[in-house]
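Reviewing the structure listed below.
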Amino acid sequence: MKVTDHIKQAQSTLFSIEILPPLKGKSIQSIFDGIDPLMEFKPSFVDVTYHREEYLYKKREGGYLEKVSIRKRPGTVGICAAIMNKYHVDAVPHIICGGFSKEETENALIDLQFLGIDNVLALRGDSIKSEPEFVPEPGGHAYAIDLVKQIGSMNKGKYIDEDLADVAPTDFCIGVAGYPEKHFEAPNMISDMKHLKTKIDAGSEYIVTQMFFDNAQYFEYLKKCKEQNINVPIIPGLKIITTKKQATALPKIFKIDVPQALLEEIEKCNTDAEVKEVGIEWCIQQSKELIKAGAPCLHYYTMGTSEVTRRVASKVF
Ligand code: FAD
């Protein structure tokens, strides 16, 4: 079922989660072990992130360096199929521009259609570590809007090869990313919002936000979206801080702020076990306020920490 239909039919705020594929070599059981404890809260959908290749230089005999391409977390599509098969819940694969030509994207979307996947989260993806900025694949997309347009075309039965006859249109519900604290590359918020609006006008039907720790950021974002005439559901993304290190690492990685009040609580802690309690309590309060404000769904970035997500969900849903 489409995410938007879940939202339309809901009597109250929905619960959803996002998981990462396991590191290459790990079994699918680690995914199930993460989802099992959360099933009692009936997630409406489970997002599975996509991780592109990275390049490493490996030292070989004779001292020369070989450039090797590795994907640390493959398996997004297979995990989606496994989740749908085991839990009968909608799985939402993330698809990205980076590393894909348009043909490869089209073929990936055909696989998803054949698997009965109804939703995709369309993203640009970040630059790989060895590149200072995002470089599109030759023949690929530079921005998420171009990916949204491609999916939108397939939804209308238009594939790359215009000579294809009797094509089956896809019927994907397209989600996109939004940034209450601005995407780090955007010169300003107005510019970022305008680009968000183009993604919606091109057929995206819902937005999932980057994590934030101050609900005021989300409420302000809702206002800005209204001003841009963006009227699709805006699903807040939530992360539970579990270690002291995350207080400085998350802002660096995701270009978001940790509010001073939360930071002060974290700084008072002597151990990560204490930080975890602070993080859980903060997220419970955030979640309760968002539900009170009528958020359509709360989307938890579990990042391998389903136990803490379970503790939050048990106080909130
Ligand atoms: P875009 O919408 O393309 O925007 C990127 C930047 O370009 C923005 O600054 C925007 O303002 C600007 N821009 C957009 N269109 C134009 C244009 N036409 N001309 C000029 N500038 C433009 N990454 C992954 O690799 N895998 C994942 O699974 C993944 N999941 C995510 C899930 C969520 C909910 C979020 C919020 C992010 C996720 N990301 C993921 C990270 C995401 O790929 C990065 O944040 C990336 O840098 C931007 O992606 P986007 O889709 O927002 O890009």
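The values are calculated or read from the model by the stated rules, or taken from the named source; none is laboratory data. Predicted model only: the values in this text are computed from it and were never measured. Methodologically, a virtual Cβ is constructed for each residue, glycine included, from the backbone with ideal geometry; neighbour enumeration extends over all protein chains shown. With ligands, DNA and RNA removed, areas are computed over all heavy atoms of the protein, side chains included. Shrake-Rupley method; radii C 1.70, N 1.55, O 1.52, S 1.80 Å.
Quick check on Val316: is it more than 16 Å from the ligand (Cβ to nearest atom), at pLDDT 95 or above and touching an Asp or Glu at 6+ places or on another chain (Cβ under 7 Å)? It is false that Val316 is more than 16 Å from the ligand (Cβ to nearest atom), at pLDDT 95 or above and touching an Asp or Glu at 6+ places or on another chain (Cβ under 7 Å).
Taking the conditions (1) touching a Phe, Trp or Tyr at 6+ places or on another chain (Cβ under 8 Å); (2) open to solvent by 80 Å² or more (accessible area, probe 1.4 Å) in turn, Ile241 satisfies each one other than (2). Residue under question is Leu121, and the condition is that it be more than 14 Å from the chain's Cα centre (by Cα) and outside any loop (DSSP other than H, G, I, E, B); does it hold? No. Screening segment 182-211 for residues that are open to solvent by 30 Å² or more (accessible area, probe 1.4 Å) and of a type in the set (Val, Ile, Thr) and picking the one that is farthest from the ligand (Cβ to nearest atom) gives Ile190.
Where in segment 1-118 are there helices (runs of 4 or more DSSP H), lying fully within it, with 2 or more residues that are crowded, with 18+ Cβ neighbours inside 10 Å and not aliphatic (A, V, I, L, M)? Let's see the steps before the verdict.
Working: elements: 3-9, 29-35, 76-87, 102-114.
Where helices (runs of 4 or more DSSP H) fall fully within segment 1-118 and carry at least 2 residues being crowded, with 18+ Cβ neighbours inside 10 Å and not aliphatic (A, V, I, L, M), they are 3-9, 76-87, 102-114.
Taken over segment 246-296, the residue count meeting the criterion of being more than 23 Å from the chain's Cα centre (by Cα), of a type in the set (S, T, N, Q) and more than 13 Å from Asp214 (Cα to Cα) is 2. When the residues of segment 164-181 are filtered to those that are of a type outside the set (Gly, Ala, Ser) and within 8 Å of the ligand (Cβ to nearest atom), the one that is surrounded by the most Cβ atoms within 10 Å (Cβ to Cβ) is Val176. Restricting segment 297-313 to residues that are modelled with pLDDT of 95 or more, under 24 Å from Arg73 (Cβ atoms) and of a type in the set (Val, Ile, Thr), the residue that is farthest from the chain's Cα centre (by Cα) is Val308.
In segment 8-22, the residues that are touching a residue at least 60 places away in the same chain (Cβ under 8 Å) and within 16 Å of the ligand (Cβ to nearest atom) reach residues that are in a strand (DSSP E or B) and open to solvent by 20 Å² or more (accessible area, probe 1.4 Å) with C-beta atoms within less than 7 angstrom, at least six apart or across chains, in these pairs: Glu18/Tyr301.
Residues that are under 17 Å from the mean Cα position of the chain (by Cα), within 16 Å of Pro93 (Cβ to Cβ) and part of a helix (DSSP H, G or I) were ranked within segment 124-152; the one that is nearest to the ligand (Cβ to nearest atom) is Ala144. Annotation: Leu115 fulfils all but one of (1) farther than 27 Å from His6 by Cβ; (2) aliphatic (A, V, I, L, M); (3) touching a helix residue (DSSP H, G or I) at 6+ places or on another chain (Cβ under 9 Å); the unmet one is (1). Just one of Val120, Val92 is within 15 Å of the ligand (Cβ to nearest atom) and either in contact (Cβ under 8 Å) with a residue 60 or more places away in the chain or polar (S, T, N, Q) (or both); which is it? None of the others qualify; the one that does is Val92.
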